[in-house]
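J.: Handing you a structure now.
Since every read-out is calculated from the coordinates, none of them should be taken as a lab result. Note that the structure is predicted; figures quoted are calculated from it, not measured. Neighbour counts run over all protein chains shown; Cβ positions are idealised from the backbone, glycine included.
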Amino acid sequence: MKLAIMQGVDVSSTVPADMVAHIARKCLIDEVRTWPKPGLVSHVDTGSHTDMTAAHFEASARAISPYFSDLYRAGYAGADLPVLRKVGLAAEAAMLRATRGINTHRGAIWALGLLSAALGWRVARGEALPCCDVVRRVWGSDILATTHEPSSHGGVVHRLYGAGGARIEAGLGFPFIRSVGLPALKKGRELCPGDEEAARVQCCIALIAQLEDTNILYRGGTEGLSYAQTGAAMFLRRGGVGNPGWRVHAETLHRGFVSRRLSPGGAADGLAVSLFLERTEKTIS
């Protein structure tokens, strides 16, 4: 679906917009095809979930990817946050159609959508500013001024625990992704050369260790968050994916999360966002 706001946008934005959609889809699929990720759905098992499988995630990734092109074009055109939200809601509707009502990628649509728009904004203006800084500078104040929907998971967690979640992370320019996610991907490659899955596991677990994951808080409260962060930190202290037995350690952590029904969806989104930032910075400028 192409929204009216996209009409009349310079055709020079078309090729990178298509590239953005392709990269976003690949990052989302690489995320779900990573194992062991503690408590999360993968191509191996369904983690702490009984209502979704890797097939749902892959169908969702294919359904929503065209909207990242639309968001790139919206950013290119200088759209404000309400316009970006309109495209994002259309992407959510496509996701729900593809998964028959299952929320697989709402958080990823939000984060990758903002960064796709930031890429378009930057290219149109010839800016060298990092995309995370574009989000903070162009839409950050409006993002931070937005309130949580009281009935949403994020709204419940914010009311009970004061956690900011994805809204605060985006409004501030994705500080956890920049300070934790991206360095962990690089570290994973150094620790386990030639194994991209290992690098993705390192990134995901590093994010779990430090992120105040609202998905974990919703399912397990502060006790669940403490368990998750402590277990992830222990994995990293043991050498992460540089430890010869890292897969056994990661699977043990995974089983512990599953037994407590903990699912670090924020870290899963963070892994996809980290991959997206790496790949777009190399190909789109």
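J.: Could you tell me how far the Cα centroid of segment 210-280 sits from the Cα centroid of segment 193-207, in Å?
T.: 11 Å
J.: Turning to a different aspect of this structure: Taking the convex hull of the Cα atoms, report for the chain its projected area averaged over all directions, in nm².
T.: Orientation-averaged projected area of the Cα hull: 13.6 nm².
J.: Then there's this: Which distance in nm do the two modelled labels at T230 and S179 give, with both placed 7 Å along the Cα-to-Cβ direction?
T.: The modelled label-to-label distance comes out at 2.4 nm.
J.: Sum up the charges of everything whose Cβ sits under 11 Å from the Cβ of R85, counting Lys and Arg as +1 and Asp and Glu as -1, but leave R85 out.
T.: Taking every Cβ under 11 Å from that of R85, the sum is -2.
J.: Quick check: net charge around D133, other residues with Cβ under 12 Å of its Cβ, Lys/Arg +1 and Asp/Glu -1?
T.: Net charge in that neighbourhood comes out at +3.
J.: What number in nm² do you get for segment 64-126 if you take the convex hull of its Cα atoms and divide its surface by four?
T.: Computed as one quarter of the Cα hull surface, the answer is 3.6 nm².
J.: Given an 8 Å cut-off on Cα distances and at least 6 residues of separation, report the relative contact order of segment 200-244 as a percent.
T.: 50 percent
J.: Order of F235, F257 from fewest to most other C-beta atoms within 10 Å?
T.: Ascending Cβ contact count within 10 Å gives the list F235, F257.
J.: Just rank V138, V83, V20, V248, fewest to most, by other beta-carbon atoms within 10 angstrom.
T.: Listing V138, V83, V20, V248 from fewest to most nearby Cβ atoms yields V248, V83, V138, V20.
J.: OK, next. For I143, what charge total do you get from the other residues with a beta carbon under 9 Å from its beta carbon, if Lys and Arg give +1 and Asp and Glu give -1?
T.: Local net charge: +1.
J.: Okay, moving on. Could you derive backbone 3J(HN,Hα) for segment 221-231 from the dihedral phi with the Karplus parameters 6.51, -1.76 and 1.60 (θ = phi - 60°), listing whole Hz in sequence and x where the residue is Gly or Pro?
T.: Whole-Hz 3J(HN,Hα) from phi for segment 221-231: x, 5, 5, x, 5, 4, 4, 5, 5, 5, x.
J.: Which order results if C192, C132 are arranged by neighbouring Cβ count within 10 Å, fewest first?
T.: Exposure proxy ranking, most exposed first: C192, C132.
J.: Ranked highest first by average number of other Cβ atoms within 10 Å, how do 214-225, 102-113 line up?
T.: With the highest mean Cβ count within 10 Å placed first, the list reads 102-113, 214-225.
J.: Label segment 168-285 by shape, choosing from rounded, prolate and oblate, from the square roots a ≥ b ≥ c of the eigenvalues of the Cα gyration tensor; if a/c is under 1.5 it is rounded, and otherwise prolate applies when a/b is larger than b/c, oblate when it is not.
T.: The shape class here is oblate.
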